[in-house]
Amino acid sequence: MHNLAGNLNLCRYEDTIGICREILKQDEECVKAFYRMAQAFFMLKEYKDARANYERAFSLDSSLVNAQKAIVECKRLEREQELKDRERFKGLFG
């Protein structure tokens, strides 16, 4: 788990996600793996995947207040991204 935090600090987000997936194959309820994977997805601006992993971490450990806050932020950023995409592609499919 210590490597995961280091990978995040070094901006090695894809590596972090891969390691977390391997950990979750061994322990399907590893809260830290879900939480670190969520952080990595968030940094990659993959908010839907980030939110799903934060939600899973929070469902396993409801004391994770930061995960709960991150879920709200992911939802906000998902909506913002969706609005930008709609505006960008508005004239293409008409």
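Throughout, read-outs are computed from the coordinates displayed, never taken from laboratory work. This is a predicted model, so every value here is computed, not measured. All Cβ positions, even for glycine, are placed from backbone atoms using ideal geometry, and neighbour counts span all protein chains on display.
For the stretch 4-94, please report how many Lys pairs fall under 17 Å Cα to Cα, leaving out neighbours fewer than 8 apart on the same chain. Intermediate results must be reported in sequence, preceding the final value.
On the way: K32/K69; K45/K69; K45/K75; K45/K84; K48/K69; K48/K75; K48/K84; K75/K84.
Number of lysine pairs found: 8.
In the stretch 43-88, Cα pairs under 8 Å separated by at least six residues give a relative contact order of 41 percent. Can you tell me the 0 to 90 degree angle between the C-alpha axis of helix 47-60 and the longest principal axis of the chain, rounded to 10? Tilt relative to the chain: about 40 degrees. Of the options (1) 1.26; (2) 1.21; (3) 1.14, only one is Cα Rg over 2.2 N^0.38 Å as computed from these coordinates, and that is (2).
Rounded to the nearest 10 degrees, the inclination of helix 13-26 to the longest alpha-carbon principal axis of the chain is 50 degrees.
Relative to the Cα centre, the charge distribution of the chain, modelled as +1 at Lys and Arg Cβ and -1 at Asp and Glu Cβ, gives a dipole magnitude of about 360 debye. Considering only alpha-carbon pairs that sit under 8 angstrom and 6 or more positions apart, the relative contact order computed for the chain is 20 percent. Between the residues I19, N66, A33, the greatest Cα displacement towards the positive end of the dipole of the chain, with unit charges on the Cβ of Lys, Arg, Asp and Glu, is found for N66.
Please list, by residue number, every one of the trypsin sites (Lys or Arg not before Pro) in the stretch 47-94 that is coil in DSSP and has at most 10 other beta-carbon atoms within 10 Å. Those that pass, being in a loop and sparsely packed, are K90.
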